[in-house]
Amino acid sequence: MQKILIIDDSPVARKILKSCFPKDEQREFFEEGDGTTGLQRFENIHPDITITDLTMPGMGGMEVLERIKTNHPEAIVIVSSADIQPVTRERVISLGAYAFLKKPPSKEIVAKLFADLTQYQRQK
Amino acid sequence: MNNNRQEVLTTEEKDTLQEIMNIGFGSAAADISEVINLYVILSVPTISVLNTPDLIEYIKSEVADHKNISIVEQNFFSKFKGLALLIFTLGAGKGLLSALGKGLDKEILESDPMGMLEEDLLLEVGNILVGACVGKIAELLGDVVNYSPPRLIDGNLADRVLSHDIFDPKNIVIILHTIFRFSGNTASGCLFLVTSHESVSWLKQALRTFLSQYE
């Protein structure tokens, strides 16, 4: 079963994101509401995919991404954010994020993203 | 007086509105950063429900130096109805102008404290930020809004805000609030969207409809 860790301070944002995944596929979701606990959970469960928000109280998603990629360069991290400025997207990708997911996500976008990701993982 | 303001929005409705404000202001920041080529640093928005008479004290408590600010105000009308107050810290106009105006004549940039260029720039930045943010929120909630022209105001904040007849002093207001900063400490400020009591019933239904897409 694929383990997905979602880090976002908004319970509604987490609910929206989870609802965008196809129901028929086997996934286990883990949720955290801030960067610090998100990192702790990452170290405990070693998720297959981490999806983090950027703007959160305390440790922001940019730092979460940086720390995960520093310690686990192979980790797949997707950034999901409402901050859609080009500079933000560039920073996120330069820090090693697999993709940038604009909020609010849609089922179509999430399905395409995960189809691409599956293909990417097969090619590795 | 409505004494049940805590019950006006449920926790989930507040959280949904907060996320929608987050998306709205994110969209606005992208628009403005494209126009003025400055990066906008965002914060987590907050949602508050207040009795109308408490509005001014709330705004004052959220704005560090409320006597030294520039305010761009703009009304928005439709089912989502209210007042946008974009509050810039003192010197924001000059900061933005100097960041943008490297090609401009130095004498123009050093003109009077609140010159025409600064005013125009704050109005334009305000218009784009408010329009993009309110427009995105309305779009997500299935509405289309109209706007009054933006106005740059100074003087007594309380007199100005409470003079709007959209706010019933015997009722409540919902406030969406976010703080922002332009890169290089060029300028900073905050945006308050104050929705009138008339919008509350529609807003609650619109939030339910928005969330139902994801159930």
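Once both labels are positioned 7 Å from their Cα atoms along Cα-to-Cβ, the gap between A:Met1 and B:His66 label points is 5.2 nm. For region A:90-98, backbone phi angles converted through the Karplus equation (6.51, -1.76, 1.60; θ = phi - 60°) give residue-by-residue couplings of 4, 4, 4, 5, 5, 7, x, 5, 6 Hz, Gly and Pro being listed as x. Amide hydrogen proximity for B:Ile41: with H placed 1.01 Å from N in the peptide plane, the residues at 5 or more positions away or on another chain lying under 5 Å are B:Arg181, B:Phe182, B:Ser183.
Whole-percent P(r), the protein assembly as shown, all Cα pairs, 10 Å bins from 0: 5, 24, 30, 23, 13, 4, 0. Note: relative contact order over region A:2-123, using C-alpha pairs below 8 Å and six or more positions apart, is 25 percent.
Each residue of region A:78-85 is assigned a 3J(HN,Hα), and the resulting list reads 10, 9, 10, 8, 8, 7, 9, 5 Hz, derived from the Karplus form 6.51 cos²θ - 1.76 cosθ + 1.60 (θ = phi - 60°), x at Gly and Pro. Take B:122-128, A:86-92 and order them by the average number of nearby Cβ atoms within 10 Å per residue, most first; the result is B:122-128, A:86-92. Let's test the formula: R0 of 25 Å, r as the Cβ-Cβ distance of B:Arg208 and B:Phe77. What FRET efficiency results, to the nearest 0.05? In this case the efficiency is close to 0.65. Per-residue Cβ neighbour counts within 10 Å put B:Glu139, B:Glu13, B:Glu118 in the sequence B:Glu139, B:Glu13, B:Glu118, beginning with the fewest. Per residue of A:17-24, other chain Cβ atoms within 10 Å of the residue Cβ number 1 on average.
Summing charges over neighbours of A:Pro104, with a neighbour being any other residue whose Cβ is under 13 Å away from its Cβ, gives +2 when K and R count +1 and D and E count -1. P(r) tail, region A:2-123: Cα-Cα pairs separated by more than 21 Å, 31% of all pairs.
What FRET efficiency, computed as 1/(1 + (r/R0)^6) with R0 = 35 Å and r the Cβ-Cβ distance, is obtained for A:Glu108 and B:Glu124, rounded to the nearest 0.05? Calculated transfer efficiency: 0.50. Using the Cβ-Cβ distance between A:Ile93 and A:Arg67 with R0 set to 25 Å, the FRET efficiency works out to roughly 0.90.
The string of couplings for region B:48-54 from the Karplus curve (6.51, -1.76, 1.60, θ = phi - 60°) is 10, 10, 10, 6, 3, x, 8 Hz, one whole number per residue in order, with x for Gly and Pro. Think of it as helices only: each DSSP H run of n ≥ 4 in chain A is worth -39500 (n - 2.57), and spread over all residues that comes to -14000 deg cm²/dmol at 222 nm.
Between B:Asn75 and B:Ala84, B:Ser148, the built amide H atoms are under 5 Å apart, and every one of these is 5 or more places off in sequence or on another chain.
With a 10 Å cut-off around each Cβ of B:19-27, the average count of Cβ atoms from other chains is 6.
Selection among B:Gly93, A:Ile7, B:Leu17 by position relative to the dipole of the protein assembly as shown gives A:Ile7 as farthest towards the positive end (Cβ unit charges, Cα centre). Share of antiparallel DSSP beta bridges in the protein assembly as shown, in percent to the nearest 5? Antiparallel bridges make up about 65 percent of those DSSP assigns within the protein assembly as shown. Across region B:5-212, the relative contact order, built from alpha-carbon pairs under 8 Å that are at least six residues apart, equals 35 percent.
The numbers here are math on the coordinates, done by the rules we state, and not lab data. Because the structure is a prediction, the values reported are computed rather than measured. Neighbour counts run over all protein chains shown; Cβ positions are idealised from the backbone, glycine included.
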